């Protein structure tokens, strides 16, 4: 093969890799789907879906009510959404990130996951924090500090604060690979503090629904979270490999 043809083949392969479409990856077979009525909604619904590799999405739980950011949603940074025009998620803007995101590990106060859970888990202590300081080299990362001698000029979100809402934290990997300063940090699923208590960017729900989600997660399912306002969902469900509108109407079982 000539040098020019070899270079052409390499360029084609490189372009094919870089041209990977936004949306839910093919290896994701567990999908958490959140839909908000509008960009400025603090409330919405959550559903759990499964599929066989290459198959259609099937609803297995939900819809159940959730709360988003107190100011609604804004485009986040993950597997999809970061290239969309419009309002971008920023630190302390009170908005939940919209788009598609991988699910990281589960954190919690207890020594082990709820019964039936089988997913990477870390029991937090007073030393576990999540950096929300855009000036820090550890911004939007889980780190371990000396709680008796914390770093200077450092702000953080304590992961074991005694707050019942943080008993379980499921990492939503927004702005993670790598983190960009100021684009938003510490985005989780966790227990809601009340039916009218939205968040500053997380997605919250009643404890029993969060436990259901945690015990459903499996590493081999490569779980993802898709969050969109309804108008964007109607535009993107097909190109982003999301469940069809018909699948949303069918609902899930009680599990």
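All of the numbers you see were taken from the coordinates with simple rules; none came from a lab. Just so it is clear, the model here is predicted, and its values are computed rather than measured. Cβ placement follows ideal geometry from the backbone for every residue including glycine, while neighbour counts extend to all protein chains displayed.
Using the Cα atoms as the points, what is the convex hull volume per residue of segment 128-178 in Å³? Numbers along the way, then the final one.
Working: hull volume 4.4 nm³, N = 51.
In segment 128-178, the Cα hull volume divided by residue count equals 85 Å³.
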Original post:
When N is the residue count of segment 83-162, what does its C-alpha Rg come to as a fraction of 2.2 N^0.38 Å?
Top reply: 1.32
**OP:** For segment 70-128, list log₁₀ I(q)/I(0) at each q in 0.13 Å⁻¹, using the Debye formula over Cα point scatterers of equal strength and ignoring solvent, two decimals each.
**Re:** -0.54
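Taking the Kirkwood radius as the inverse of the mean 1/r across Cα pairs, report the Rg/Rh of segment 102-222.
In segment 102-222, Rg relative to Rh is 0.95.
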**OP:** Once you have all Cα-Cα distances for segment 164-255, histogram them in 10 Å bins from zero and send the whole-percent values.
**Re:** 13, 36, 43, 8, 0
**OP:** Using DSSP, restrict attention to beta bridges with both residues in the chain and report what percent are antiparallel, rounded to the nearest 5.
**Re:** 65
Original post:
Can you give the Kirkwood hydrodynamic radius for segment 3-250, in Å, rounded to one decimal and based on Cα pairs?
Top reply: 18.8
**OP:** Specify the inter-centroid distance of segment 141-181 and segment 18-66, based on alpha-carbon positions, in whole Å.
**Re:** 26
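What ranking of 64, 188 emerges when the number of other C-beta atoms within 10 Å of each C-beta is taken as an exposure proxy, fewest first?
Lowest to highest Cβ neighbour count: 64, 188.
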Subject >> Reference-scaled alpha-carbon Rg (2.2 N^0.38 Å with N residues) for segment 185-235 >> reply: 1.32
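Sort 24-31, 233-240 by packing, meaning the average of other beta carbons within 10 Å per residue, with the highest value first. Before the final figure, lay out the partial values.
On the way: 24-31: 18.5, 233-240: 15.6.
Per-residue Cβ counts within 10 Å, averaged per peptide and sorted highest first, yield 24-31, 233-240.
Report the full-extension gain for the segment residue 246 to residue 112: residue separation times 0.36 nm, less the Cα-Cα distance, to one decimal in nm.
Values: separation 134, 0.36 × 134 = 48.24 nm, distance 3.75 nm.
Contour length minus Cα-Cα distance gives 44.5 nm.
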Subject >> With eigenvalues of the C-alpha gyration tensor scaled by 5 and rooted, segment 96-139, Å >> reply: 24, 18, 8
Original post:
Peptides 175-187, 80-92: what's the order by average Cβ count within 10 Å, highest mean first?
Top reply: 175-187, 80-92
